[in-house]
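Below is one structure, written out as structure tokens; comments come after it.
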Amino acid sequence: MRFLAIMKKDILILLRNTALMLFLIYIFTLDIYLAGIGIKIKPQHVSVGYVDYSNSLIVNKILTHLHKPEFQTPKRFLNEEALKKAIENKKIMVGLVFDGDFAKNYYKTGKSQVNVLIDSTAAAQAQVTVIYLNEILARFVNLHFPLSIQTHRLFNQNSNSTWFMSLAELMSDVVLLVLLLVATVFVKEKEEGTWDIMLLMPVSSILTIFAKMFSQVVVILVGVWVSVGLILFGVFDMPINGNLWHFFLLNLLFAFSLGGIGLVIAAISNTVTEVGQYSFMLMMPLIFLSGAWTPISSMAPWLQKLSIISPVRYYIEASESIFFRGASFYDLIPYFVALLIIGMVLFYIGYKKIGRLF
């Protein structure tokens with residue numbers, strides 16, 4: 001009963017904090033929605049210019065394949081100098097130059113050269129745009145291969161970046177909120193001068209710590225439930241190939257696993273401002289080592305080894321496996337075990353650190 005009483009008190013305090021509640025509502029709704037519709041992996045509305053020295057029909061045919069939503073209507077320039085100037089002034093992003101022999105070489109040998117000028121200020125988008133252009137131009141090259149290549153896209157067959165980005169943003173938000181809320185619930189006691197009153201409660205220190213921590217985990221789980229139901233399923237119509245309850249169990253284990261770091265932050269922070277600073281400072285390395293943005297296999301060997309001790313890695317991999325790969329409970333056991341082991345170690349470290357204040 002005392003455990004529940006402490007939980008109830010902290011949840012009520014959070015509900016009465018208008019600023020924090022507005023922040024949580026934004027994080028679990030609008031932030032994920034904006035990430036889903038605003039962050040695109042494939043090109044979107046790329047501005048294109050071209051110079052056609054050949055004045056041929058085949059060039060016009062190629063340009064018709066540069067259409068919306070990936071590309072804007074191509075703009076013609078009289079010469080290459082004007083095209084380069086437009087790129088420098090950021091009026092267009094991509095420039096195509098078709099030389100005078102383009103059509104003749106195409107019809108004679110089936111091979112022609114197109115000079116591509118591209119603004120690589122946004123390096124990632126530029127690289128993806130070049131890949132798209134290569135695919136479009138390759139359709140017009142008369143090459144006869146002895147084999148036919150068929151590509152089968154697994155797990156996310158339509159390569160829907162909205163599904164991936166919205167789920168990735170949700171997982172990033174959970175990482176931040178676990179660190180932030182778990183630490184804040186303790187630091188608020190320091191700020192408001194009620195820490196000594198908390199020490200006088202007829203409850204053991206470990207029960208107090210666990211109850212206050214669990215109250216914030218409950219809030220996060222409710223937020224995840226709202227976000228998945230309202231944004232992922234409701235707005236983006238995102239499918240789930242695995243079991244939704246496995247995903248909630250994963251979030252529960254992960255929140256407790258990462259909560260140990262939140263306890264350490266609470267022990268070394270005296271104000272909520274410091275909590276925010278430490279949380280954001282720790283969040284980015286955890287995300288970068290998780291494989292959310294860069295596959296683990298593509299990292300440097302020493303970073304791959306370092307990621308083994310990060311609970312975020314197992315959280316990200318298991319979440320994507322549940323939604324996209326349809327992982328069963330048996331498939332998820334290694335992730336659950338890893339989170340439990342890391343969680344016990346981190347909770348012990350966090351408890352020993354904050355336990356000194358009791």
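Read-outs throughout are calculated quantities, based only on the coordinates presented, and are distinct from any laboratory measurement. The structure presented is a predicted model; accordingly, all values stated were derived computationally and were not measured. So basically every Cβ, Gly included, is an ideal-geometry build from the backbone, and we count neighbours across all protein chains shown.
For the range 261-330, the ratio of Cα radius of gyration to the globular rule of thumb 2.2 N^0.38 Å stands at 1.35. Taken about its Cα centre, the chain carries a charge dipole of about 220 debye when Lys and Arg each add +1 at the Cβ and Asp and Glu each add -1 at the Cβ.
For trypsin sites (Lys or Arg not before Pro), the sites in the range 14-102 that DSSP calls loop and that have at most 10 other Cβ atoms within 10 Å are LYS90.
Overall dimensions of the range 48-138, expressed as equivalent-ellipsoid semi-axes from the Cα gyration tensor (√(5λ), whole Å, largest first), are 21, 15, 12. A cut-off of 5 Å between modelled amide H atoms, ignoring neighbours fewer than 5 places along the same chain, links VAL46 with PHE71, GLN72.
Residue by residue, the range 204-218 carries 3J(HN,Hα) couplings of 5, 4, 5, 5, 4, 4, 5, 5, 5, 5, 5, 4, 6, 5, 4 Hz when phi is fed to the Karplus relation 6.51 cos²θ - 1.76 cosθ + 1.60 (θ = phi - 60°); x denotes Gly or Pro.
For the range 48-138, the dipole from Cβ point charges (+1 on Lys and Arg, -1 on Asp and Glu) about the Cα centre works out to 180 debye, to the nearest 20.
Within the straight-line cut-off of under 20 Å between alpha carbons, the aspartates and glutamates reachable from LYS108 are ASP52, ASP99, sequence neighbours fewer than 8 places apart in one chain being disregarded.
Between GLU80 and ILE13, what length in nm is gained on full extension when 0.36 nm per residue of separation is reduced by their alpha carbon distance?
Values: separation 67, 0.36 × 67 = 24.12 nm, distance 6.49 nm.
Computed gain between GLU80 and ILE13 is 17.6 nm.
Karplus-derived 3J(HN,Hα) values for the range 71-87, using 6.51 cos²θ - 1.76 cosθ + 1.60 with θ = phi - 60°, are 10, 7, 4, x, 9, 8, 10, 6, 8, 5, 5, 5, 5, 4, 5, 5, 5 Hz; glycine and proline are entered as x.
I want the antiparallel fraction of DSSP beta bridges within the chain, as a percent rounded to 5.
On the way: 5 of 13 bridges.
The antiparallel proportion sits near 40 percent.
Matching the structure-derived semi-axes √(5λ) of the Cα gyration tensor in Å against the labelled list [x] 37, 29, 17; [y] 53, 22, 17; [z] 34, 29, 23 gives the label [y]. Applying 1/(1 + (r/R0)^6) with R0 = 30 Å to the Cβ-Cβ distance of ALA300 and ASN270 gives a FRET efficiency near 0.25.
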